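For reference, the structure discussed in these notes is given below.
The values are calculated or read from the model by the stated rules, or taken from the named source; none is laboratory data. Keep in mind that what you see is a predicted model, and the values were worked out from it rather than measured. We place every Cβ from the backbone using ideal geometry, glycine too, and count neighbours over all the protein chains shown. In case anyone asks, the SASA skips ligands and DNA or RNA and just uses the protein heavy atoms, side chains included. Shrake-Rupley method; radii C 1.70, N 1.55, O 1.52, S 1.80 Å.
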Amino acid sequence: MDDLMTVVDWSRWQFALTAMYHWLFVPLTLGLSVIVGIMETIYYRTRSPKWLRTTKFWMTLFGINFAMGVATGIILEFEFGTNWSNYSWFVGDIFGAPLAIEGLLAFFMEATFIAVMFFGWKKVSPGFHLASTWLTALGASISALWILIANAWMQYPVGMEFDPGQMRNVMDNFWDVVLSPVAINKFFHAVFDGWVLGAVFVCGVSSWYLMKQRRREFALDSIRIAGWVGLVGIIFTIWTGDGSAVQVARVQPMKLAAMEGLYDGKVGQDLVGFGILDPSKQRADDSDPFLFEISIPKGLSLLANHDADSFVPGINDLINGIRLTPEGDTVRTDSYAQRIIIGKRAHEALREFDNAMAKGDTAAMAAARENLKKDYRYFGYGYLDSPEEAIPPVGVTFYSFRIMVMAGGYLLLFFIIAVVSMARGGKLWERRWWQWVAMLSIVVVWICSEAGWVTAEVGRQPWIIEGLMPAKAAISAISSSTVQLTFWMFAAVFTALLVAEITIMAHQIRNGSDHDEY
């Protein structure tokens, strides 16, 4: 068992490493593709040489980042087979479909039109080139769509049925998977997050030029476009974030409780704006979970249910069997201890079905199938040894959520100031302290984006599929030493890729374009 948990822990760390490195590149690709598309549209309408040079400059940085994103993304998908083969078998028909569509549709779409973007300036008409640029941006968003549909299914499994004959889940409603409210909300939240990150990147790089007193007109033109893209992006990111909170309250209430460090819920639950958790807090004790907190009265009830007087269950409530229905009603359901018993009963029914199938006993197969169907809703809980295993890491989830929210609030203020200042002549951007603020905001926006993913993924632990399969049941039959070796190999490779991207981008930014002045 110790070796099993070592394999699980190292496999989770390896996947987290790959995913977080990959996410360094993805949102910048999404954001820069839109900004480049807008710039080329202005060039197409004006035929101004300065806009052609501006478009090509940011397009080059987009291309560098795009290549790095592809490299890390391919490795990420292979890990489902190498490290998580039980998971891949258990849900391959469902999880594999969005990934296949992403590869066949979005990736080939991006690969085709990105070639036209970079090498077709003098080979195709300006209109076709502009269309290729926007189709590349669309392809990047479509790629994100299918990846996020797959991820959302792990958070909220729908549109499937378990087939005991195959010992796996099979898709029975494609559109339930694609049009899941969790998937749609997650997609728009991630795409608009990309707009914000790309816009901050453009503003920060442009501020460097202003600080060095180079390419002033280019920098201000870039800031003017990026400011509006970023402002629209952050407004819609906050809006979809509110939608995500509602969805989490409905389908992943334990994640919401961990995000808030909430052990015992109440009607009109406060929202912790800032707090420090007590690391010695245990689920069953009566001590205050916070050493210090500043709360917004009834804020969590309003955030989660859009009703300031609604009930929000905490960790203890959920473990004891008190939860909200998708309609927002408070009900008593099976406790986690009962779910574990029912889940183990489902496992036994599956074993009985397998034995009956080996003997060709159709009557026993039918009886076992019926028992399995009745108890399958808690199948994943049968892998747990105690209710406490179903509690995600509260500290990591709590703090990462607050980092995301505080950074998001800062970015909203940043873009409001950026747009207003440009509307008044842009004099603020000539001030050195504000240029430093813009450049340092690049770090803030990446921390914000990564913190959002940490909240989403750590908050659903121990589940790799919510309620159906914990991570410890999803791994491959490999040794922990193998996973440790590949972890450090990937860490070295990904770090080298990141250093390479930063070095190449820094070189490109220092050199600028062929003309110092526009």
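What the table shows:
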{"item": "Helices (runs of 4 or more DSSP H) within the stretch 98-207 that include 3 or more residues closer than 25 Å to Asn86 by Cα and within 16 Å of the chain's Cα centre (by Cα)", "result": "126-155"}
{"item": "Flag for Asp286 being in a loop (DSSP other than H, G, I, E, B) and at pLDDT 85 or above", "result": "no"}
{"item": "Any hit, the stretch 421-441, residues being under 30 Å from Glu260 (Cα atoms), surrounded by fewer than 17 Cβ atoms within 10 Å (Cβ to Cβ), among the aromatic types (Phe, Trp, Tyr) and at pLDDT 90 or above", "result": "no"}
{"item": "Options Met117, Met109: the member that is farther than 30 Å from Phe487 by Cβ, of a type in the set (A, V, I, L, M) and open to solvent by less than 20 Å² (accessible area, probe 1.4 Å)", "result": "Met117"}
{"item": "Boolean, Ala97 is touching a Leu at 6+ places or on another chain (Cβ under 7 Å) and open to solvent by less than 40 Å² (accessible area, probe 1.4 Å)", "result": "no"}
{"item": "Of all residues in the stretch 1-42 being hydroxyl-bearing (Ser, Thr, Tyr) and surrounded by fewer than 22 Cβ atoms within 10 Å (Cβ to Cβ), the one that is nearest to Val458 (Cα to Cα)", "result": "Thr6"}
{"item": "Among (1) open to solvent by less than 40 Å² (accessible area, probe 1.4 Å); (2) closer than 17 Å to Tyr87 by Cβ - the single one Ala477 does not satisfy", "result": "(1)"}
{"item": "Residues satisfying the stated conditions in the stretch 448-472, i.e. acidic (Asp, Glu) and closer than 22 Å to Val158 by Cα", "result": "Glu457, Glu466"}
{"item": "Every residue from the stretch 120-146 that is open to solvent by less than 20 Å² (accessible area, probe 1.4 Å), more than 30 Å from Lys186 (Cβ to Cβ) and at pLDDT below 90", "result": "Gly120"}
{"item": "Cross-chain or 6+ apart pairs with Cβ under 9 Å, the stretch 257-284 first and over 23 Å from Ile322 (Cβ atoms), then open to solvent by 30 Å² or more (accessible area, probe 1.4 Å) and in a loop (DSSP other than H, G, I, E, B)", "result": "Asp278/Ser287; Asp278/Asp288; Ser280/Ser287"}
{"item": "In the stretch 208-218, residue farthest from Phe95 (Cα to Cα) [restricted to those that are outside any helix (DSSP H, G or I) and open to solvent by 10 Å² or more (accessible area, probe 1.4 Å)]", "result": "Gln213"}
{"item": "Hits in the stretch 82-94 - residues which are assigned to a helix (DSSP H, G or I) and either open to solvent by less than 20 Å² (accessible area, probe 1.4 Å) or modelled with pLDDT under 80 (or both)", "result": "Tyr87, Phe90, Val91, Gly92, Asp93, Ile94"}
{"item": "Of all residues in the stretch 56-80 being among the polar types (S, T, N, Q) and under 18 Å from Ser143 (Cα atoms), the one that is surrounded by the fewest Cβ atoms within 10 Å (Cβ to Cβ)", "result": "Thr72"}
